[in-house]
Amino acid sequence: MVLKFYSGSFVGGGGVIVALTLAEMKIPFEHVFVDMEAKEHKTPEYLAMNPFGLVPVIDDDGFVVYESRAICRYLIEKYSNQGSNLLPKGLKERTLMEQAAAVEYATFHPALTPVLREGVFKPFRKLPVDQAVLDEALKEFSAKLDVYEVILGKHKFVAGDEFTFADLCHYAYAPLLTMGEINIMTSKGPNVTRWWNELMARPTWVKIKAEGYKKGLQ
């Protein structure tokens, strides 16, 4: 039975990092569209898979997993004999990758969220932007990127010289900054700019951004 990947159509959030993992690991799958506007994620059938009523979810021949990072780790471990090496095998290398992934989750993402809320989501919904709030959010996020500038001055990617799951996690929300014409990812410093441009040019991202989530390997 082919793996089923349940998500909405929005290319972002947890759905996109699962889709990127599927692409990087060359895993065949069937995309099952969950119509959020029709509340399909709140039906009894869907809640039986994810009791929180959120996307994404995978069903791997009856083994159901929710929470995007847990899904990604499962897929990478199960299909470790194919595709990209997203989880390093060595203890020290794996620890540095886990360190960088924790930084993304606990530091980068929380600092990014208020920037997106005020500078992207409000304009998208045609709500008034509080410039003072946005400026403060950008200041806080900029301080985190200053640290990234130092880290990325030591190696090519956030956990070393190879692209890993820690880098992949950054695709969840940071690309949405361009919706608000916020170019901070390419204006902070040469190391962050180099790294971010490389992520934005990665073939799996370019394809998913252009085509959305599709069935199987295309």
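Each row is one residue, and each column tells you yes or no for (1) over 19 Å from the mean Cα position of the chain (by Cα); (2) in a strand (DSSP E or B); (3) on the phi > 0 side of the Ramachandran plot.
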| residue | (1), (2), (3) |
| --- | --- |
| Tyr6 | no, yes, no |
| Ser9 | no, no, no |
| Gly14 | no, no, no |
| Val18 | no, no, no |
| Ile27 | no, no, no |
| His31 | no, yes, no |
| Met36 | yes, no, no |
| Glu45 | yes, no, no |
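Step by step: first the residues of the stretch 187-218, then only those that are of a type in the set (Ser, Thr, Tyr) and at pLDDT below 95, then the one that is nearest to Pro88 (Cα to Cα). Which residue is that?
First pass over the stretch 187-218, keeping only residues of a type in the set (Ser, Thr, Tyr): 187, 193, 204, 213.
Remaining after also requiring at pLDDT below 95: 187, 213.
Values: Ser187: 30, Tyr213: 27 Å.
Only one residue fits best here, namely Tyr213.
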Scanning for something of a type outside the set (Ser, Thr, Tyr), closer than 25 Å to Tyr79 by Cβ and either out of contact with any strand residue (DSSP E or B) (no Cβ under 9 Å at 6 or more places or on another chain) or surrounded by fewer than 18 Cβ atoms within 10 Å (Cβ to Cβ) (or both), does the stretch 34-47 turn up at least one residue? no
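Within the stretch 168-186, is even one residue aromatic (Phe, Trp, Tyr) and either out of contact with any Lys or Arg (no Cβ under 8 Å at 6 or more places or on another chain) or modelled with pLDDT under 95 (or both)? Let's see the steps before the verdict.
First, pick out the residues of the stretch 168-186 that are aromatic (Phe, Trp, Tyr): 171, 173.
Filter once more, so that each one left must be either out of contact with any Lys or Arg (no Cβ under 8 Å at 6 or more places or on another chain) or modelled with pLDDT under 95 (or both): 171, 173.
There is at least one residue in the stretch 168-186 that is aromatic (Phe, Trp, Tyr) and either out of contact with any Lys or Arg (no Cβ under 8 Å at 6 or more places or on another chain) or modelled with pLDDT under 95 (or both).
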If I ask for residues that are part of a loop (DSSP other than H, G, I, E, B) and farther than 25 Å from Asp135 by Cβ, which ones from the stretch 170-218 would you list? Arg202, Gly212, Tyr213, Lys214, Lys215, Gly216, Leu217, Gln218
Within the stretch 67-77, can one find any residue that is of a type outside the set (Val, Ile, Thr), part of a loop (DSSP other than H, G, I, E, B) and not assigned by TED's automatic domain parsing to the domain that holds His109? yes
Check whether at least one residue in the stretch 107-114 is within 27 Å of Leu3 (Cβ to Cβ) and within 21 Å of the chain's Cα centre (by Cα), and report yes or no. yes
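The values are calculated or read from the model by the stated rules, or taken from the named source; none is laboratory data. A quick note: this is a predicted structure, and the numbers were derived from the prediction, not measured. In this analysis, Cβ positions are derived from the backbone assuming ideal geometry, glycine residues included, and neighbour counts consider all displayed protein chains.
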